[in-house]
Each structure stands twice: as C-alpha cells, then as structure tokens.
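Participant: Please find one structure pasted underneath; my questions will follow.
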Amino acid sequence: MNNLQQNYHEVCAKIADAVQAAAREPRSVHLVAVGKTFPAADIRALYAEGQRDFGENYIQEWSAKAKELADCREIVWHIIGQVQSNKTRLVAESAHWVHTIDRLKTAQRLSSQRPDTMPPLQVCIEVNIAAEANKHGVPPDEAVALACEVAKLPKLQVRGLMCVAEADAGEDALRRQFETMRQLLADLQAAGIAADVLSMGMSADMALAVECGATHVRIGSAIFGKRDYAV
Ligand SMILES: *Cc1c(COP(=O)(O)O)cnc(C)c1O
C-alpha cells in the first residue's frame with residue numbers, strides 16, 4: 001500500500017472509531033475526500049479503493065479533473081468552494097452537490113441552469129458559524145430564512161447546513177460551534193424543510209464534528225498530504 005492509500009484507510013478507521021464512540025449508526029457519516037491542489041491520478045487511486053464522494057474548491061480545477069475522470073462513473077462531486085456567477089453553469093451541469101450556498105442569487109442561477117434531465121442539485125447553506133470577517137457563509141440567524149427561500153427553487157434540493165469551524169479555536173469553542181450547527185439543523189427541520197445533512201469537520205476536527213452530529217466530514221490533508229498552493 002502506498003502513502004495515499006494508507007492515509008485513506010487510516011482516516012476511514014478514525015471516522016469509524018468516532019462514529020462508534022458517539023454510538024451512532026455505522027453508515028451515518030460520509031467521508032468527502034477533498035482533493036484541491038492534488039492531481040486527478042490521486043482521486044483515481046482513491047476511487048479504486050472504493051471512495052466515491054470527492055470535494056473540490058476551485059471550479060476550474062475541478063472541471064478539468066472531472067473531465068479526466070469521466071470514466072469513473074460513480075464519482076459524486078461535492079463543490080465546497082465559492083461559486084462565482086460566471087461559473088454556475090459548469091457546476092449546474094456536472095456537479096452533484098454544492099455545500100456553499102450563501103446567496104439566493106447563486107442558488108437561483110444554479111436552479112435555472114440545472115438541466116431538466118438531471119436530478120436536483122443537492123445543496124447546503126453555508127453558515128459563518130464564528131462570525132469571522134474573512135469567511136463566507138450567512139450569519140447563523142439568517143440560515144433558516146435563506147434555506148426556506150432556496151427550498152422553493154425547482155432544481156435544487158436543500159439537504160442541510162455546512163460550516164468551516166474556527167481554525168484556532170479550542171475544543172470548547174469548537175464544540176459550541178458544532179452544537180450550534182446541530183441546533184440550526186433542528187430549527188430548519190422545524191421550519192418544514194426535510195434536511196438531514198450537517199457538513200462539518202475537517203482533518204483537524206473530524207472526531208469532534210462526528211461527536212456533534214456531522215453527517216459529512218470533508219477531509220483533505222489527512223488523506224492527500226500537505227497542500228502546496230504554489231504549484
Ligand atoms: C480544504 C477544505 C477542506 C479540507 O481541509 P483539510 O484541513 O485539508 O482536511 C474542507 N472544507 C473546505 C471548505 C475546504 O476548503
């Protein structure tokens with residue numbers, strides 16, 4: 001086994017341990033392998049190991065990789081970065097999920113550009129959970145209202161909420177952020193939206209996120225290694 005495969009299986013085991021420790025259902029947490037800055041060949045290698053959910057941040061980079069990997073028919077592509085207006089069509093025409101909806105305008109474009117022959121795009125509302133100035137996402141108290149508007153769009157299906165927790169927060173602060181997300185999902189459900197997804201937890205905080213109810217953890221560096229943005 002090479003490093004990539006080994007890392008991958010270690011991450012799978014770590015998630016499984018966290019799921020068990022939290023007394024949750026074995027298949028209740030999905031691993032989204034985040035391949036930004038890494039080549040299509042790495043994704044292909046994980047696909048061969050059985051991984052199907054892949055996350056990408058940069059639309060252009062993703063689109064090139066998706067073309068290279070067109071023969072991997074079962075790949076599920078999760079867009080986890082910002083979608084600029086001039087990129088919505090690419091996303092609408094070939095992604096399966098967008099985790100980062102924080103403006104109604106973007107959602108409207110995605111819905112109108114989603115081909116009728118495709119199933120609805122699965123979307124999450126991104127929440128700026130720690131109100132950080134440099135982060136995307138709606139403030140927590142606006143998440144339910146935006147979700148209800150997005151839910152009216154015909155070719156999008158609101159699945160839940162996503163956040164990137166504060167990078168240097170201690171465990172207590174992180175736990176509060178994740179618990180707030182869990183509460184917001186309950187609020188969303190109470191508002192009549194059949195949402196079931198909490199996309200939260202990255203390499204550094206996946207176990208805590210699982211403990212707090214994450215259904216999708218987005219893991220990059222723990223699988224692929226350290227990113228080099230210079231290349
Ligand atoms: C890069 C990225 C990840 C993965 O981060 P790691 O710390 O490498 O696991 C997850 N979510 C988002 C939104 C990202 O941009």
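The values are calculated or read from the model by the stated rules, or taken from the named source; none is laboratory data. Given the structure is predicted, the values throughout are model-derived calculations rather than measurements. Cβ: placed from backbone, ideal geometry, glycine included. Neighbour counts: every protein chain shown. Please note that ligands, DNA and RNA were not included when accessible areas were found on the heavy atoms of the full protein model with its side chains. Shrake-Rupley method; radii C 1.70, N 1.55, O 1.52, S 1.80 Å.
Participant: Looking at the square roots a ≥ b ≥ c of the eigenvalues of the Cα gyration tensor of segment 58-99, which shape do they give, rounded for a/c under 1.5, prolate if a/b is larger than b/c, or oblate? Could the numbers behind the result be given before it?
Facilitator: Working: a/c = 1.99, a/b = 1.59, b/c = 1.25.
Since a/c reaches 1.5 and a/b is larger than b/c, the shape of segment 58-99 is classed as prolate.
Participant: A further question on this structure: How high is the relative contact order of segment 3-222, in percent, counting Cα pairs under 8 Å that sit 6 or more residues apart? Walk me through the numbers before you get to the answer.
Facilitator: Details: 409 pairs, mean separation 42.9, N = 220.
It comes to 19 percent, rounded to a whole number.
Participant: Using a probe of 1.4 angstrom, how much of the accessible area of segment 8-86 is carbon and sulfur, in percent? All intermediate terms of the calculation are to be shown ahead of the outcome.
Facilitator: Numbers: 1960 of 3960 Å².
Carbon plus sulfur share of accessible area: 50 percent.
Participant: Can you pull the accessible area of residue 72 for me, 1.4 Å probe, Å² to the nearest 10?
Facilitator: 10 Å²
Participant: Distance between the C-alpha centers of segment 68-146 and segment 23-64? Whole Å please.
Facilitator: 16 Å
Participant: Sticking with this structure for a sec: Taking a probe of 1.4 angstrom, what is the accessible area of residue 37 in Å², to the nearest 10?
Facilitator: 40 Å²
Participant: Additional query: Calculated from DSSP H runs of 4 or more alone, at -39500 (n - 2.57) each and per residue, what is the 222 nm mean residue ellipticity of the chain, nearest 500? Walk me through the intermediate numbers first.
Facilitator: Values: 9 runs with 93 residues, N = 231.
Helix contribution divided over all residues of the chain: -12000 deg cm²/dmol.
Participant: Same structure again: Sort all Cα-Cα distances of the chain into consecutive 10 angstrom bins from zero, then give the percent of pairs in each bin up to the one containing the longest distance.
Facilitator: 8, 33, 38, 19, 1
Participant: With a 1.4 Å probe and all protein chains left in place, how much accessible area per residue does the chain have, in Å²? The partial results should precede the final answer.
Facilitator: Numbers: 11030 Å² over 231 residues.
That works out to 48 Å² per residue.
Participant: Can you put 229, 8, 58 in order of accessible area, largest first, using a 1.4 Å probe? All intermediate terms of the calculation are to be shown ahead of the outcome.
Facilitator: On the way: 229 130, 8 15, 58 105 Å².
Result, largest first: 229, 58, 8.
Participant: Another question, if that's okay. Quick one: net charge of residue 14's neighbours, Cβ under 13 Å, K/R +1, D/E -1?
Facilitator: Numbers: positive: none; negative: 10, 17, 205, 211.
Computed value for this residue: -4.
Participant: Based only on Cα atoms, what mean projected area does the convex hull of segment 105-146 have, in nm²? Write down the numbers at each step before the final one.
Facilitator: Working: hull surface 14.4 nm².
Value for segment 105-146: 3.6 nm².
Participant: Hey, rough spin-label estimate for residue 3 and residue 176, points 7 angstrom out along Cα→Cβ, what's it come to in nanometres?
Facilitator: 3.8 nm
Participant: Which sequence of 202, 162, 118 reflects their accessible areas, 1.4 Å probe, from the largest down? Intermediate values should be presented prior to the final figure.
Facilitator: On the way: 202 75, 162 5, 118 50 Å².
The most accessible residue leads, giving 202, 118, 162.
Participant: Can you give me the solvent accessible area of residue 30 with a 1.4 Å probe, rounded to the nearest 10 Å²?
Facilitator: 80 Å²
Participant: What percent do you get for the relative contact order of segment 10-81 when only Cα pairs under 8 Å and 6+ apart count? Walk me through the numbers on the way to the answer.
Facilitator: Details: 69 pairs, mean separation 20.9, N = 72.
It rounds to 29 percent for segment 10-81.
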